[in-house]
Amino acid sequence: MIRAFNLVKRYPGGTTALAEANLEVERGEFVFVTGPSGAGKTTLLRLMLRQELPSSGQIIVNGRNVGALPASKVPELRSTIGVVFQDFKLIRRKTALENVAYVLNVAGLSRSEQKQRAYEALKGVGLNHRLNALPPTLSGGEQQRVAIARAVVTDPELLLADEPTGNLDGELAVEIMRLFREINARGTTVVVATHDKELIHRMKLRTVLLDGGKVVNAGEKPAGQPPAGTAGEPPAGDPAP
Amino acid sequence: MSARTARLRYYLSDAWEEVRHSPGVNILALTTLSAALFVAGLVLLVLANVEGWIGDRRDAVHVDVYLLEPGDAGERASLERTLAQLPGVREVRLVTREQALERYQASFGELAGVPGELESNPFPASFEVALEPGPGAAERAREVVESASGRAGVDEAVFDQGWLDQLEVWLGLARLGGLALALPIFGALVFVMASVLRLAVYARRDEIEIMLLVGATPAFVRGPFLVAGLCQGLLGAVIAVILTEVGRRLLLAYVDPSSLLAQMVAGRPLPWHFAGLLIGVSLAISLTAAFFAVRRDRDGDALLGA
Ligand SMILES: Nc1ncnc2c1ncn2[C@@H]1O[C@H](COP(=O)(O)OP(=O)(O)OP(=O)(O)O)[C@@H](O)[C@H]1O
Ligand SMILES: [Mg+2]
């Protein structure tokens, strides 16, 4: 699903955020990307979404060579990817419901379908009581959950989540992880960037370690890559649905 | 509801949101547009009226046969019969000296004071020989002049259209000058409108970036801005046309409607084809401006140029 080959990203200021990073993620996998602050986690995700262009090397997502993709093909790539941005990126003058419905609008769904599915997604993150709130009136955790609802509402082929639990307490974080595993079980490949060691430890899933812009540990698939919601579940904090 | 109409509805409602989001910028754009179009409307109004006025004069082809004073009644009666029988003549009318003076005063209004103060009336009586309108009318008129000249009791026979020709030459020049000015003005308006609309786009750049990141095509993001521009163009033109008509009526309220000035510049309302032209030009300006305001930059990742 994802293949990074000698991926380099140098920012205009001169910072090298990625230095020949190599990575492979198979379709249907659930992967954590971790590493110290400034390791290049966000940059890696930005390159997958073509929010940035690689300085050299290749990044292939879902069969597309993202760096070489013509501008006209970018919307198509992005519409197959759900993203939870580290800074949420909610549209300030649209309500929570409208923010989630917008991606369905882009996908060409009817208005009633947009509303229905956006409502379900917000309910899934426990925000069905804040549908008509504008993002500036929501708490950090609530905004994060709207961003999560928007990322999953289209049932994307790939879900990229950048610190999706950064503003959530332990219980909510577990709840969100359960949501991600459900989506993963329906076929979505999931990549979660986080430095939440406890979360990683509890989930017992493949973990890629980035440091200084390099993949220093590609991690291992848990034995047999158990499908979500069955064997291999973390013993605590992840009640079966 | 088809996907297309759903999309159009979204564009419309978001265009309205867009206008509400930055009202100042949009009012500025609309004011600029309608003010410029109003001026253009006034020019077109005068053009249409002068053209119409000349046309009226051309249709009413006639020869003035000025009579010697004092005249002989019998002689005049026989002259009138002769003139009436010439080919192409529709009507022969006697204009007495008093009528000539009155006409002069009516068409020149206050300026006509001077002859009125004279002790005697300087205008001679004349026969006004109206011809059947049509392509051969000018030729017939010249024949009338020829056969009337030198007859008993005739001072002079005049078929004077030279001044109309002259006026048309001037009008043609004015039209050319207007056309030559129209193009740079059009360009300047597009530029001003695009700059103003760009402010509206700029005010929403964060939101536009988000829309593009979640998979919206640039066309989809641009749609509401283009629709807003289109509505602005339509509204601007309608305002300009209304203002032009209001201006015309105001002029008629302050100037004697039967005076030459009033008839030459405001006698008739702006014709439909000129109003249509204004609307078309306005739409062209606002759409071009909106297009430039939201055009994408080099790598197509953002709608705003770097
Ligand atoms: N737009 C940018 N311009 C210049 N330098 C940047 C930019 N974005 C990131 N960097 C730099 O690139 C490096 C990697 O940043 P990145 O955001 O990918 O790290 P990260 O692993 O996501 O960190 P964190 O855990 O704090 O979110 C950092 O040194 C950062 O300062
Ligand atoms: Mg980061």
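The values are calculated or read from the model by the stated rules, or taken from the named source; none is laboratory data. The model shown is predicted, which means the values in this text are computed figures rather than measured ones. As a convention, Cβ positions derive from the backbone with ideal geometry for all residues, glycine included, and neighbour counts pool all protein chains shown.
Observations on the structure shown:
- Count of residues meeting criterion [within 17 Å of B:Val158 (Cβ to Cβ) and at pLDDT below 85] in the stretch B:108-127: 2
- Matching option when the condition is β-branched (Val, Ile, Thr), outside any helix (DSSP H, G or I) and buried (at least 21 other Cβ atoms within 10 Å of the Cβ), among A:Val192, A:Val216: A:Val192
- Candidate set from the stretch A:52-65 (those that are touching an Asp or Glu at 6+ places or on another chain (Cβ under 8 Å) and farther than 17 Å from A:Glu157 by Cα); member that is nearest to ligand 1 (Cβ to nearest atom): A:Leu53
- Counting only helices (runs of 4 or more DSSP H) that fall entirely inside the stretch B:1-91 and contain at least 3 residues that are more than 14 Å from every other protein chain (Cβ to nearest Cβ) and hydrophobic (A, V, I, L, M, F, W, C), the qualifying elements are B:23-59, B:73-85.
- When each of A:Gly82, A:Gly57, A:Gly14 is tested for being more than 16 Å from ligand 2 (Cβ to nearest atom), out of contact with any His (no Cβ under 8 Å at 6 or more places or on another chain), of a type outside the set (A, V, I, L, M, F, W, C) and touching a residue at least 60 places away in the same chain (Cβ under 8 Å), the lone residue that passes is A:Gly82.
- B:Arg249 within 28 Å of A:Ser72 (Cα to Cα), among the charged types (D, E, K, R) and more than 12 Å from chain A (Cβ to nearest Cβ): no
- A:Leu168 under 23 Å from A:Leu97 (Cα atoms) and at pLDDT 95 or above: no
- The stretch A:1-22 - residue that is buried (at least 21 other Cβ atoms within 10 Å of the Cβ) and closer than 11 Å to A:Val208 by Cβ and, of those, nearest to ligand 1 (Cβ to nearest atom): A:Ala21
- Among the residues of the stretch B:259-306, those identified as modelled with pLDDT of 85 or more and either surrounded by fewer than 17 Cβ atoms within 10 Å (Cβ to Cβ) or of a type in the set (Lys, Arg) (or both) are B:Arg268, B:Pro269, B:Pro271, B:Trp272, B:His273, B:Gly276, B:Leu277, B:Gly280, B:Ala284.
- Of the criteria (1) of a type in the set (D, E, K, R); (2) surrounded by fewer than 21 Cβ atoms within 10 Å (Cβ to Cβ); (3) farther than 20 Å from A:Leu44 by Cβ, which one A:Glu163 fails: (3)
- Where helices (runs of 4 or more DSSP H) sit wholly within the stretch A:42-160, those with at least 3 residues that are more than 16 Å from the chain's Cα centre (by Cα), more than 8 Å from every other protein chain (Cβ to nearest Cβ) and surrounded by 23 or more Cβ atoms within 10 Å (Cβ to Cβ) occupy A:96-106, A:111-124.
- Flag for A:Asn99 being free of Cβ contacts under 8 Å to residues at least 12 places away in the same chain and either within 16 Å of ligand 2 (Cβ to nearest atom) or farther than 25 Å from A:Pro36 by Cβ (or both): no
- Hey, B:Phe220 part of a helix (DSSP H, G or I), away from chain A (no Cβ under 14 Å) and either buried (at least 18 other Cβ atoms within 10 Å of the Cβ) or modelled with pLDDT under 90 (or both) or not: no
- Reported count of residues in the stretch B:197-217, each being within 8 Å of chain A (Cβ to nearest Cβ), assigned to a helix (DSSP H, G or I) and of a type in the set (Val, Ile, Thr), is 1.
- A:Gly108 over 25 Å from B:Arg204 (Cα atoms), more than 16 Å from ligand 2 (Cβ to nearest atom) and either in contact with a helix residue (DSSP H, G or I) (Cβ under 9 Å, 6 or more places away or on another chain) or not β-branched (Val, Ile, Thr) (or both): no
- Considering B:Leu199, B:Leu261, the condition of being farther than 21 Å from A:Asn99 by Cβ and free of Cβ contacts under 8 Å to residues at least 24 places away in the same chain is satisfied by B:Leu261 alone.
- Test result for B:Val145, assigned by TED's automatic domain parsing to the domain that holds B:Ile27 and not in a strand (DSSP E or B): no
- Scanning the stretch A:60-79 for residues that are small (Gly, Ala, Ser) and either modelled with pLDDT of 90 or more or within 16 Å of ligand 2 (Cβ to nearest atom) (or both) returns A:Gly63, A:Gly67, A:Ala68, A:Ser79.
- The single residue among A:Arg46, A:Arg27 that is near ligand 1 (Cβ under 8 Å from one of its atoms) and either within 28 Å of A:Asn184 (Cβ to Cβ) or in contact with a Lys or Arg (Cβ under 9 Å, 6 or more places away or on another chain) (or both) turns out to be A:Arg46.
- When the stretch A:161-177 is filtered for residues that are away from ligand 2 (no atom under 16 Å from the Cβ) and either part of a strand (DSSP E or B) or in contact with a Leu (Cβ under 9 Å, 6 or more places away or on another chain) (or both), the ones remaining, listed by number, are A:Gly170, A:Ala173, A:Val174, A:Glu175, A:Ile176, A:Met177.
- Selection count where residues are crowded, with 16+ Cβ neighbours inside 10 Å and within 13 Å of ligand 2 (Cβ to nearest atom), scope the stretch A:23-41: 6
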